[in-house]
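The values are calculated or read from the model by the stated rules, or taken from the named source; none is laboratory data. Every value quoted in this text rests on a predicted model; they were computed, and no experiment measured them. Reconstructed Cβ throughout: ideal geometry from the backbone, glycine too, with neighbour counts over all protein chains shown. Just the protein is used for accessible areas: all its heavy atoms, side chains included, with ligands, DNA and RNA removed. Shrake-Rupley method; radii C 1.70, N 1.55, O 1.52, S 1.80 Å.
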Amino acid sequence: DTGVSQDPRHKITKRGQNVTFRCDPISEHNRLYWYRQTLGQGPEFLTYFQNEAQLEKSRLLSDRFSAERPKGSFSTLEIQRTEQGDSAMYLCASTLGGELFFGEGSRLTVL
Amino acid sequence: AQSVSQHNHHVILSEAASLELGCNYSYGGTVNLFWYVQYPGQHLQLLLKYFSGDPLVKGIKGFEAEFIKSKFSFNLRKPSVQWSDTAEYFCAVNQGYSTLTFGKGTMLLVSP
C-alpha cells in the first residue's frame, strides 16, 4: 500500500498519560498535515510541515501538543498529559500541492 | 474569519433520488474548492476539485459540483443516488497553498 499510513489506529489511555501517533506520508510528498476530527465536526487543522520545517500551527495546538518531522519523512504527534477533551480522531494527510491524501486516522480515547 | 458552511447535517434519501448538498464559503478572492467523502470505516477520499476553468466540475462515481462565484457556493450534485453513496461528505476550501478548511460535513443515508 503506497498511501498515507498512521499508527496506531486506536489508542485508549488514561487521563494524564502521554500518547504519540506516527504518520508515514506518501513518499514523494513534501507537505504533511495533521488534523483533528471530533464527532459532528469536519477535520480541524492542527499543524503542517513542508519537508522537516513546521510552518504553521493552529491555536488548537496547545503547549501539550508537539509535532515533529525529522528528515522530512515520517511525522509524530505527541500529546502530553492527555485530557478527556483530547479524545478525537487524529488525521494525517500529505500532498505535493493541491489535493490532500489522508490516512485512516488514529482514534484516541482518553478515559 | 474564513469559514465553510454546509447547510444540511443529515440527509436521508431513497435510492434513485437526486442529491444536492450545499456548501458556502466566506473567503474573498481566488479559492480552490474540494469535496471529500468518507465512507463508513474508511479514510477521507477526494470526490472532485475546482481550481479554475469550467465552473461545472465532474468527479468520481457520477458526482458533479458547480462553482458559483457570485454566491460563494460549491454545491455537490448527483442525479440518482445509490445505497453505496451512504457516507459523510465534506466541503473544503483553501487559497493558493494555504491550509484546507473543512465544513462540518453532511451525513448522507441512502435507503435501498
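Might you let me know whether region A:39-46 holds any residue that is under 25 Å from B:Lys104 (Cα atoms) and more than 14 Å from chain B (Cβ to nearest Cβ)?
No: zero hits.
Could you tell me which residue of region A:56-80 is nearest to A:Leu32 (Cα to Cα), considering only residues that are at pLDDT below 95 and assigned to a loop (DSSP other than H, G, I, E, B)?
It comes out as A:Ser73.
Report the residue count in region A:46-94 for those that are closer than 26 Å to B:Cys91 by Cα, over 14 Å from the mean Cα position of the chain (by Cα) and of a type in the set (S, T, N, Q).
1
Taking A:Ser58 as the residue in question, decide whether it is open to solvent by 40 Å² or more (accessible area, probe 1.4 Å) and either touching a strand residue (DSSP E or B) at 6+ places or on another chain (Cβ under 8 Å) or facing another protein chain (nearest Cβ under 10 Å) (or both).
No, not satisfied.
Filter region A:12-51 for residues that are open to solvent by 80 Å² or more (accessible area, probe 1.4 Å) and in contact with a Phe, Trp or Tyr (Cβ under 8 Å, 6 or more places away or on another chain) and give the result. Steps first, please.
To start, the set of residues in region A:12-51 that are open to solvent by 80 Å² or more (accessible area, probe 1.4 Å) comprises A:12, A:14-15, A:17-18, A:22, A:27-28, A:39.
Across region A:12-51, the qualifying residue is only A:Arg22.
Search region A:68-81 for residues that are more than 19 Å from A:Asn18 (Cα to Cα) and pair each with any residue that is among the acidic types (Asp, Glu) and part of a strand (DSSP E or B) when their beta-carbon atoms are under 6 Å apart and the residues are at least 6 apart or on different chains.
Final answer for the pair search is A:Phe74/A:Asp24.
How many residues does region A:76-111 hold that are open to solvent by 50 Å² or more (accessible area, probe 1.4 Å) and within 14 Å of another protein chain (Cβ to nearest Cβ)?
Counting residues in region A:76-111 that are open to solvent by 50 Å² or more (accessible area, probe 1.4 Å) and within 14 Å of another protein chain (Cβ to nearest Cβ) gives 4.
Run down B:Glu20, B:Glu64, B:Glu15 and say which single residue is in contact with a helix residue (DSSP H, G or I) (Cβ under 7 Å, 6 or more places away or on another chain) and not hydrophobic (A, V, I, L, M, F, W, C).
After ruling out the rest, the residue left standing is B:Glu15.
Taking B:Gly59 as the residue in question, decide whether it is surrounded by fewer than 17 Cβ atoms within 10 Å (Cβ to Cβ) and not hydrophobic (A, V, I, L, M, F, W, C). I'd like the intermediate steps shown before the answer.
On the way: surrounded by fewer than 17 Cβ atoms within 10 Å (Cβ to Cβ): no; not hydrophobic (A, V, I, L, M, F, W, C): yes.
Answer is no for this residue.
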